[in-house]
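Working notes for the structure below.
Derivation of every value follows stated rules applied to the coordinates shown; laboratory data play no part. Computed from a predicted model, the values in this text were never measured in an experiment. Please note: Cβ atoms are built from the backbone with ideal geometry, for glycine as well, and neighbour counts cover all protein chains shown.
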Amino acid sequence: MDWKSFSDELTRMIRPQTFPIGVKLFKDAQQLPEKATRPAKYGVRISLCQWTTMARRWGRILLATAEDINCTPCLAALGLKQMRRAGALADYFMEMGYFKSAAMAEKAVEDLGVLPPGQFVAVCYFPLHMAPVDPDAVIVYGSPAQMSRLTAGFLYHAGGVIESRTTLGISCLSALKPVFTGKPALVHPGRGERILAGTDEAEMLFTFPARDAEVLIDGLRQTHARGSRYPVQSYLIYEPPLLEAMAHLAEKLGDL
């Protein structure tokens, strides 16, 4: 796949404000790309969502392992650390005041679908046009109207519906889920990502398995050809009504 050409064409049709990004999950620490930057370069540990923003806004190839991340809910949900007790994440939700009862917190953990420990050891984010490796998933941030355009393109060939995930947070997990489910998703970033990573309040994201890139881009081409466009083409071929003051002014106007 020519990821630069894909990114260029998607950007032309969707016009996102930030770069479409790829995500690669590594199971072997010996295979990590050397050109990727880790938080240690800046002398910090991070919340993983900060890396998605740097990749899509700064245009950087970025890598993180468990030792680079200080966001403990992320470490637990992505299986980068072993939870010593099954209810540890639900306890965290209750301590943060996210739910009225422990049962609700436990149900939230179940619905999130946290990853078993050891699924991968490192995650790499990069602008698609700079892809150092083939991604496992592609993530595009944008407005609801842009997300609607992306879903229309995807569904042209795939059919069905695309689920939207709205949770209390840990959107890093939701963004990576297509790697494991094989399904695209619309994600509303949570409180943590908006505070820590600067994700705008008007932004959401569309994430899909990288293997479906051709399906998406051809669907965008086909629906574009049939009139589905971005920016949305407001219907403007009509005669607007005259306000009373405008009608009074009309009486005072004459032909040249």
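Extending 7 Å from Cα along the Cβ direction at Arg60 and again at Arg221 yields two label points whose distance is 3.6 nm.
A protection proxy built from the mean count of other Cβ atoms within 10 Å ranks the segments 242-250, 189-197, most packed first, as 189-197, 242-250. Here's the list of aspartates and glutamates a cross-link from Lys27 could span, going by alpha-carbon distance under 17 Å and ignoring same-chain residues fewer than 8 apart: Glu67, Asp68, Asp134, Asp136.
The dipole here belongs to the chain: it is taken about the Cα centre, uses +1 on the Cβ of Lys and Arg and -1 on the Cβ of Asp and Glu, and is about 680 debye. Cβ-Cβ distance of Gln82 and Glu163, R₀ of 30 Å, FRET efficiency by 1/(1 + (r/R0)^6): the value works out to about 0.55. Label reach from Leu253 (point 7 Å along Cα→C-beta): in the range 217-241, amide nitrogens under 14 Å belong to 240-241.
The distance separating the Cα centre of the range 203-237 from that of the range 101-164 comes to 17 Å.
Relative contact order, whole percent, for the chain stands at 24, derived from Cα pairs under 8 Å and 6 or more residues apart.
When the Cα gyration tensor is reduced to axis lengths a ≥ b ≥ c, the ratio a/c is 1.5 or higher for the range 73-158, and with a/b not above b/c it is classed as oblate. For the chain, taking a cut-off of 4.7 Å between Cβ atoms, the unpaired cysteines are Cys49, Cys124, Cys172. Expressed as a fraction of 2.2 N^0.38 Å, the C-alpha radius of gyration for the chain is 1.23.
A helix-only calculation puts the chain at -11000 deg cm²/dmol for mean residue ellipticity at 222 nm, using -39500 (n - 2.57) for each DSSP H run of at least four residues, averaged over all residues.
In plain terms, the chain from Gln119 to Lys35 could stretch by 27.9 nm, reckoned as 0.36 nm per residue minus the Cα-Cα distance.
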